[in-house]
Structure formats: C-alpha cells, structure tokens
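Scroll down for the structure; my scribbles are underneath it.
The values are calculated or read from the model by the stated rules, or taken from the named source; none is laboratory data. All of these numbers come straight from a predicted model, not from anything done at the bench. Cβ placement follows ideal geometry from the backbone for every residue including glycine, while neighbour counts extend to all protein chains displayed. Quick note on the areas: whole protein, heavy atoms, side chains included, nothing else; ligands and nucleic acids left out. Shrake-Rupley method; radii C 1.70, N 1.55, O 1.52, S 1.80 Å.
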Amino acid sequence: MGYDPANPMADRITDIGPPHYEQFFPPVVKKNYGKWLYHEIIQPGVLMHKGESGDECYTVRVGAARLISIELIREICDVADAHCDGFVRWTTRNNVEFMVDSKAKVQPLLDDLKGRGNRFPVGGTGASVSNCVHTQGWIHCHTPATDASGVVKAVMDELFDYFVSHKLPAQVRVALACCLNMCGAVHASDIAILGVHRKPPMIDHDAISGLCELPLAISACPLGAVKPATAKNSKGEEIKSVKVNAERCMFCGNCYTMCPAMPLADPDGDGIAILVGGKVSNSRSMPMFSKLVIPFLPNTPPRWPETVAAVKNILETYAKDARKYERVGEWAARIGWEKFFEKTGIPFTIKSVDDYRLAYDTWRTTTQFKFTSHIK
Amino acid sequence: MALSKDELKAKILEKALTGPKAQLYVKDFYACDPEAGPRDVKNAANDLVKEGKMTFWSSGSTTMYAAQGRAKDEENR
Amino acid sequence: MPKHDTPLLDELEKGPWPSFVTDLKRQAEKKPECFDILGQLELSFRDKITHWKHGGIVGVFGYGGGIVGRYSDVPDRFPGVAHFHTVRLNQPSSKFYSAAKLRDICDLWEKYGSGMTNMHGSTGDLVLLGTTTPNLEPLFYDLTHNLNQDLGGSGSNLRTPECCLGRARCEWGCYDTQNLCHSLTMHYQDEIHRPAFPYKFKFKFSGCPNDCVAAIARSDFAVIGTWRDDIRIDQAAVKGYIKGEFIPNAGAHSGKDWGKFDIKAEVLDLCPTGCMWMEGDSLKIDNSECTRCMHCLNVMPRALRPGLKQGATICVGAKAPILDGAQFATMTVPFIEINPDTEFAEVIEVIEKIWDWWMEVGKNRERVGETIMRIGLPTFLKVMEITPVPQHVKEPRSNPYVFWQEDEVEGGFERDVVEFRKRNAQ
C-alpha cells in the first residue's frame, strides 16, 4: 500500500475536507459547549470560563512565533499530554492555548511552561499588546518589501513587558504585512507595520518572453502604467516586451505577481511604513482603517531599530494619554490627528495626505481643527 | 441552445491549444458558449484539468488555465 | 548539507520573545535543509532583498489550490531549499487539535518536508513550509489516506473558511460558528480545491460583534453573530460590579490602578447610543436603541448577556487595499437565523446569489467588494432580492444623480421632439 508513482491515480481520495472539530475538544469544552456563562482573566495570560454547569475551564495563553518547527509542535504536544488530556488549540493570532479543567492544574502547567526557557511566554490577554500577526517576509515570500519574522521578533522583544501585563488603556493589536498586497491584512490594526516598495519594476527583456504573458502584465497594473513596447534583449534581438511609466507607478507589485520578469524589490527602495488606529471590533466605535503616519523607514536587519522605536513611541504615547477602554484609533480620533502627530512627535508629511482613489473621504471639510505646532 | 458538456469541453480545449493567449482566465472561456452559465464553463474547464489535458497556473492569488505544456513557469523553462 | 554562518540572524536569538532562529537551529539537527533556510535568510538579511521565486503550475493533480510553488533564486548555494513549495492544510474549525493528530502531521512533514510550519497562515490554514515537486503526490496520498485530512484553498478559489472559537469556549457565541464553518467547508469542497471565480473569495464566521476573526475586515462573506431581542441583565451581578465584588472588564485592566469601577463613566457614558441608565441601583436598557456594540457586555460579562433571539448579520465585500483601497464588508443581510436543521440552506442561498452574480459580472482579479463598488450597492441589493432599508447606509446619498429606470418614470423615456418644438421653440 501507499503511493504508487506508476499508478498515481490508484484509489485516490479527494475533497474530504478537514477532520471534524468536535473530536479535538477537551472534555470540559465538549460538555459545556454553548453553555458558558462568563469569563475572567485571573492573571495576564490565564483565562477562566465558567459554565452554567458550574464547571470551570482554565486557559493558559502562550505567545508563539508564527514560524515554528515540528520539534516545537511536538514539545507543545508533550505539554498538552502532560497537563491537558492531550488537547491544545491555536488562536487566530498565533497564540497557543492550553486548557485544564480545574484551578489546581493551572500552577503546575505554568511551572512546566516556565521551565522550558523563553519558548512559552504567558500573556496576550486583556489590555495588553497581543501577539503580532504577520506574513512570510524573506523566509518564504517572493514579493516582500521587508522581512516579517525578524521584524516581529525585534518588535515583540521590545514590547514584551506589554505582552505579559495588563497596563494599557485597551488591547493593542500590532500586525505586520511584508508588502502592499497585505496577504496578512493589516489595514484594521492598532499599529500596522507594512513593507513598501518605492522603485518601479525593472524589465528583464531576456526573460520576459519565456516567463510572462504580456497582456497579463499590462492588465495587472491598476493605473495603466504598464504598456506594450518593443525592446532589445541583451543579444540585440528585437522582442515584444513592456515599458513602465514610472510617474504613474504606485509600487504595488501587481505586475510582478503576474510577470516575474518585472522585479521591483530593492535594498534601498524597500522599507517599512507605519499605519495606526485601525480596529475590527464593533465595540463602542465602528471598525476603522489604519492610517498612514510614517511613510517610510529603512530596512535595517537584523533588528530594525527605527521601526522598533517608532512602534514603541506610538504605543507609549498612547498608553500615557488615552482613557481607559480607548483603542489607539479612538484616542487619536478624540484628540484629533493633528494632536496625535504633536504628541507622538512624528513629523507630518505630505505622504499622509491621500491622493489615491476614495481620497476625498480623508480630507478635512470643516473649519473645526486644533491649533497645534504644525500651524506656524 | 447551449452546447453539450463534451462540445463545450472541445471548444475550451481548442481555445487553450490554439488561441493567441497561452494562459486564460475562466472568464475567457465564457465566449465558448454564450448560453452556458459561468458554473458550467468552470466545471467543463476543471474537467479538462482532471483529464490531464489542461493545467492550472496560479500566482498564489489568481488561478488561470493553460493547455498542458503551454503555461509559462519555472518548471517549464 | 553544511551549516552556514549566520551572524545577523544570531542577533535574533537574544531577547525574551521566542526566537524562530533558535527554533530553526534546533530543527536543523534533524532536518539539515533548515541550515539552508537559515543560510538563505541570512543572505536576505545581508542583501535586504528576498531570494525566493514564484512558480505557478505545481500542485497535486486535479487541484487548483492548496499548494503554492516556491523556488530559491540561489539554488546552487542552498540546494536544500531549491524547491520550497508551500502546502496549505485545511485546519479544523477554530483550531482545536489533539496531540495525537498534531504528531501525525509532524511525522508526515518530517518525512516529506522541511519540518517548518506556520501555525497558522493569515487565512487560517495550517501551513507546511517547504517541500519539493516530487514529494507533493506522495504527501497528498498519505495525507488523505492516513490522516483523513485535506488541503485548503489558494488562487481564484473559495479560500479555506475560518471561524472564531464561538460556543466552544465563549459566552457570546450567538450562533454555532464551528458547525456553520465546517458544514460549508464540506459543502464547498469543489470550490475550495478548484478555481471557480474571478478572484479569491473568503468566508469568515464570528460569533459576536467583537469579531475575533476579523470577518468584517478580511472576508468577502462575513457572518457575524448578533441578537434582536433584549440584553439579559442579572441585576444582582450589576450590583456586584458596582460594589467591587467583581473585577470589571473580566480583569483585562488589572495591571494598572484605574481607580474604583464607575459604572457611569465606564459603561453608561461609553455606550455609543446612550441607551442605558440607572434607576436606583438597577441598570436599565432601552433595547430598541441598542446597536449591539458589545462594550457593556465586555465590561460586565457576569451581569449582561446577549439576548435569546440569536442569529447573524451578513456583511459582504471586505478586502485588503489592493487595488482600489481597503474595504470593510458592507452590511447586507441585517438578520438571519443560522439554522442547522435546514443544513444552513438560508445561508447557502445568500452565498450562491452572490456567486452567480459575481461570476457573471466580476472582472478578472476583482474582489466582490470591488464589483459592488464599481456597479453600485443599489444594483447589488436588487440582484440579492433584498429590500433596501436605512440600515444599509450610514446616511442617505448627498448627490442627486439617481439612475432612474425608464419604467419608474411616468410616460417613459420616449418623447417626440417635433411635438416638443411646437410648444418650445428653439
């Protein structure tokens, strides 16, 4: 039995979907499904859910990198086997959650986790900086403008104290996407770290005929900046190719996605933009987009000090100034964005003034504003 | 009168084999039978992939179709 | 495969947050291709640029999704990662696992892949990172035969649906998110595994308006739990909060002294509609004014619970900025009961109306939110056979350029200009 390369379609199974979720529920979850009364975070990273039955489910939340090895997953399984009847779950923000059915089992679990070096930081609940969700970056993506895992590691090291505590005005969701495509959508995060390209694509006239369907490359451009053209390859032969109108390029990389002969990544051109004030939840205010406040910071591996400092500055200015429950975007909206720039000391540049589609939505059409230091 | 599934598949394959574009979106095949619904066209095209006559080409975010061997790719270079 | 010097990456072994570099090094002892991952990443750190190339035609036979092709652009230096394709596994709903299941997946990936994973990808898949083209079919065989597990979506497919943990461990799940997510995942296996659409299409299911899976920001089809009757109040527990017997906001603010809990400042005054007040020590809510924002429930989970007439609001068309700018999903179906007894036929009907329209009129690489934007919400509502209500807009339009239809105007559009000129000279 097993796969037979000579007969690859033999007893093929397709379209069976994922395994049914219920078999993976810890007993206390299965028993109290749909019958939970309330919850309480008894300490940072430790939740207690109370069921109508009186049962309690204690959850220990542990921050993890998104990029993890099977060795580490096996270690997580060891912990689950030792403490949690062999069950475990992941959150949407790359945290691991270990669940036990009594308070007495919490401390031994915490002790076990603590005994495993810095691999299992407990936190990410309540008014904390929760785990930073992110994309692939240089570890596996073909279009990134920055790394992901490395930047996130550097940022989370610096914000670690805020992950393991509850001292912020509200939860702060930090997220990173390594290019403007945002396969990890960061457009509704409290603080978004976004990889950006700043140089138009080059055109590899030697490769384009073999690699690309020209009409696809042309139609991929949202601004019509890619046009058909005849060009000469390095052998001097005239070939059908494309040209790029640099003035119209918005550096989105869509053409490169459809045509690998149009690379745009560049060590100096690429870097990071910071966007601030998005939220997803409907709590109090409606969901909000993150807004661009720092148009560019350079890529400075291995620890991206400029990006780390920028994120920390925004976070700590907010922490000092915001009211209880206020998310970053609610705070900025209340004090006004002119005050946001003044308080954070971030220079306001014309790059924060929208000139893309739907731009008018963000222009000020009232005489109401605050006289900050920006107005001389 | 809409074409039969086999007739539709033959038209799709012909377009993929001999048309000017090597890689096609599913919408490019809608014209093969203007009376067929988008779902019929999609199912016919996917059938041709199951039969090994066409392949998928994916950018990761978008998927296209190509006649076997016509897709431009690292593996075909 | 030799070990490479990684002085830059070694800097990321410092600090309190778990280090993926340390993890990779540990894995490399068993899977030496991880040395080449580290080596190529170190090169990227030095060059400040990626060294990966995309490949479009790899996949398992007959599937148009689930595998994303990846190749090194420096394969001679790092042969262990010359081919390094991604395999997306459809995660179980809300990401509960047994250790036994995870160990099986680890064993599979030790056999066929690099040993590195993403737990999880942005859309929710369990992502296996790095394998070769020849390994794909054997891996898929073992996956389906031995692990009873299938691939997720990619490309112009229905993407792997995702849900919050809902009723499994949360008191606010207004419908059974796991059941709906799993049922639709099974119902639409063909759409997940083979392209069907002009572009990607995402389902996300959140049990309440806190929206923990970011459905309203990230999914073309967002089902968000809600209720349409009265918030349940336990007045004794309200008093408990006021007296300080219970910690407000479930303890989320425990790390800083914010002073004594003040129900007026922290609940009543932060209610966006101002629909709550105190009569003596009883909390009153004018539920007809409530917009179910969740703030008061979040602050006093012991005292307040969602109403009992539960269901969901369906919002359509969220997406990241590419291309026209980011969009949140637009509220489309104000309230729908989520009914497992009909196998969710009501939800399926809404989905397929959207798809039938979008497959017909959507442009290539256009998300449904962009199609709605281009063609207009009024047309979309007509297609959906949904009666327009004030809830569909934040405010009425401010321009007067209504696209009147001929049959809506008395006498129609056809007129006789000769007759007109007899009365109104040029």
Item to check | Cysteines (scope chain A) whose Cβ has no counterpart Cys Cβ under 4.7 Å | outcome: A:Cys57, A:Cys77, A:Cys84, A:Cys132, A:Cys141, A:Cys178, A:Cys179, A:Cys183, A:Cys221, A:Cys249, A:Cys252, A:Cys255
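I want the local charge near A:Gly278. Using Cβ-Cβ distances under 10 Å, sum +1 for each Lys or Arg and -1 for each Asp or Glu among the other residues. All intermediate terms of the calculation are to be shown ahead of the outcome.
On the way: positive: A:Arg173, A:Lys279, A:Lys291, A:Arg327; negative: A:Asp190.
That works out to +3.
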Item to check | Unit Cα scatterers, Debye sum, segment C:7-145: log10 I(q)/I(0) for q = 0.11, 0.13, 0.18, 0.20 Å⁻¹ | outcome: -0.43, -0.60, -1.13, -1.34
Next on the checklist: How much of the DSSP bridge set in chain A is antiparallel, in percent, rounded to the nearest 5?
Outcome noted: 85
Checklist entry - How big, on average over all directions, is the shadow cast by the Cα convex hull of chain A, in nm²? => result 26.3
Checklist entry - Can you give the angle from 0 to 90° between the axis of helix C:345-361 and the longest principal axis of chain C, with both taken from C-alpha atoms, to the nearest 10? => result 80
Next on the checklist: With just the Cα atoms defining each centre, how far is segment C:229-273 from segment A:108-142? Give it in Å.
Outcome noted: 30
Checklist entry - From the backbone phi of segment C:3-13, what are the Karplus-calculated ³J(HN,Hα) couplings (6.51 cos²θ - 1.76 cosθ + 1.60, θ = phi - 60°) in whole Hz, Gly and Pro given as x? => result 7, 10, 6, 9, x, 6, 5, 4, 4, 8, 8
Item to check | segment A:121-211: projected area of the alpha-carbon convex hull, averaged over directions, in nm² | outcome: 7.3
Next on the checklist: With no other cysteine's Cβ closer than 4.7 Å, which Cys residues of chain C count as lacking a disulfide-compatible partner?
Outcome noted: C:Cys34, C:Cys106, C:Cys170, C:Cys174, C:Cys208, C:Cys271, C:Cys275, C:Cys290, C:Cys293, C:Cys296, C:Cys315
Item to check | Most fluctuating residue given options A:Met48, A:Met250, A:Met286, as computed from a GNM of chain A linking Cα atoms under 10 Å | outcome: A:Met286
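Rg/Rh for segment A:22-102: what does it come to with C-alpha atoms and Rh from Kirkwood?
On the way: Rg = 12.9 Å, Rh = 13.3 Å.
That ratio equals 0.98.
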Item to check | Rounded to the nearest 10 Å², the accessible area of C:Arg46 at probe 1.4 Å | outcome: 140
Checklist outcome for this item: Ranked by GNM mean-square fluctuation in chain A (Cα springs under 10 Å), the top entry among A:Cys132, A:Cys178, A:Cys255 is A:Cys255
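Based on the Kirkwood radius over alpha-carbon pairs, what is the Stokes-Einstein translational diffusion coefficient of the protein assembly as shown at 25 °C with 0.890 mPa s viscosity, in µm²/s? Don't jump to the answer; show the numbers that get you there.
Working: Rh = 28.5 Å.
It comes out at roughly 86 µm²/s.
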Checklist entry - For C:Ile372, what accessible area in Å² do you get when you roll a 1.4 Å probe over the heavy atoms of the protein chains, rounding to the nearest 10? => result 10
Checklist outcome for this item: The long-range amide H neighbours of C:Gly207, using H built 1.01 Å from N in the peptide plane and a cut-off of under 5 Å, are C:Cys164, C:Gly166, C:Cys212, C:Gly225
Item to check | Low-density loop cleavage sites - GluC sites (Glu not before Pro) in segment C:342-422, where at most 15 other Cβ are within 10 Å (DSSP) | outcome: C:Glu343, C:Glu385, C:Glu410, C:Glu414
Checklist entry - Does anyone have the angle between helix B:38-50 and the longest principal axis of chain B? Alpha-carbon axes, 0 to 90°, nearest 10? => result 50
Item to check | Loop chymotrypsin sites (Phe, Trp or Tyr not before Pro), segment A:94-161, which have at most 10 other Cβ atoms in a 10 Å radius of their Cβ (DSSP) | outcome: none
Next on the checklist: I want to verify the translational diffusion coefficient of chain C in µm²/s; compute it with Stokes-Einstein, Rh as the Kirkwood radius over Cα pairs, at 20 °C and 1.002 mPa s.
Outcome noted: 84
Checklist entry - In degrees from 0 to 90, rounded to the nearest 10, what is the angle of the helix C:177-187 Cα long axis to the longest principal axis of chain C? => result 70
Item to check | Pairwise label distance in nanometres, C:Ala345 with A:Asp112, each label 7 Å out on the Cα-Cβ vector | outcome: 4.8
Checklist entry - Where Rh denotes the Kirkwood radius from the mean inverse Cα pair distance, what is Rg over Rh for segment A:224-263? => result 1.00
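Using DSSP to call loops (not H, G, I, E or B), can you name the GluC sites (Glu not before Pro) in segment A:20-58 whose Cβ has at most 14 other Cβ atoms within 10 angstrom?
On the way: sites: A:Glu22, A:Glu40, A:Glu52, A:Glu56; in loops: A:Glu52.
Within segment A:20-58, the qualifying GluC sites (Glu not before Pro) (loop, at most 14 other Cβ atoms within 10 Å) are A:Glu52.
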Checklist entry - For labels at A:Phe369 and C:Glu408 in the simple 7 Å Cα→Cβ model, what's the distance in nm? => result 3.8
Item to check | Per-q log10 I(q)/I(0), segment A:174-227, q = 0.16, 0.24, 0.28, 0.31 Å⁻¹ (Debye; single scatterer per alpha-carbon; no solvent) | outcome: -0.67, -0.95, -1.06, -1.15
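Any number yet on Rg/Rh for segment B:5-68, C-alpha, Kirkwood?
On the way: Rg = 10.6 Å, Rh = 11.4 Å.
Using Cα coordinates only, the ratio equals 0.92.
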Checklist entry - Does segment C:131-216 come out rounded, prolate or oblate, given a ≥ b ≥ c as the square roots of the eigenvalues of its C-alpha gyration tensor, rounded meaning a/c under 1.5 and, failing that, prolate meaning a/b above b/c? => result prolate
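Run through the DSSP bridge list for the protein assembly as shown and note the antiparallel percent, rounded to the nearest 5. Each step should come with its number before you reach the end.
On the way: 85 of 98 bridges.
Once the DSSP bridges in the protein assembly as shown are tallied, antiparallel ones form about 85 percent.
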Checklist entry - For the protein assembly as shown, what does -39500 (n - 2.57) per DSSP helix run (n ≥ 4), summed and divided by total residues, give at 222 nm, in deg cm²/dmol to the nearest 500? => result -8000 deg cm²/dmol
Checklist entry - Can you pull the three principal axis extents for the Cα set of segment C:190-322, in Å, largest first? => result 60, 34, 23
Checklist entry - Within the accessible area of chain C, what % is carbon and sulfur when the probe is 1.4 Å and the other protein chains stay in place? => result 51
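Which of the pairs A:Lys50/A:Lys103; A:Lys153/C:Lys14; C:Lys264/C:Lys309; B:Lys11/B:Lys72; B:Lys5/C:Lys202 have their Cα atoms more than 18 Å apart in this structure?
Beyond 18 Å: C:Lys264/C:Lys309; B:Lys11/B:Lys72; B:Lys5/C:Lys202.
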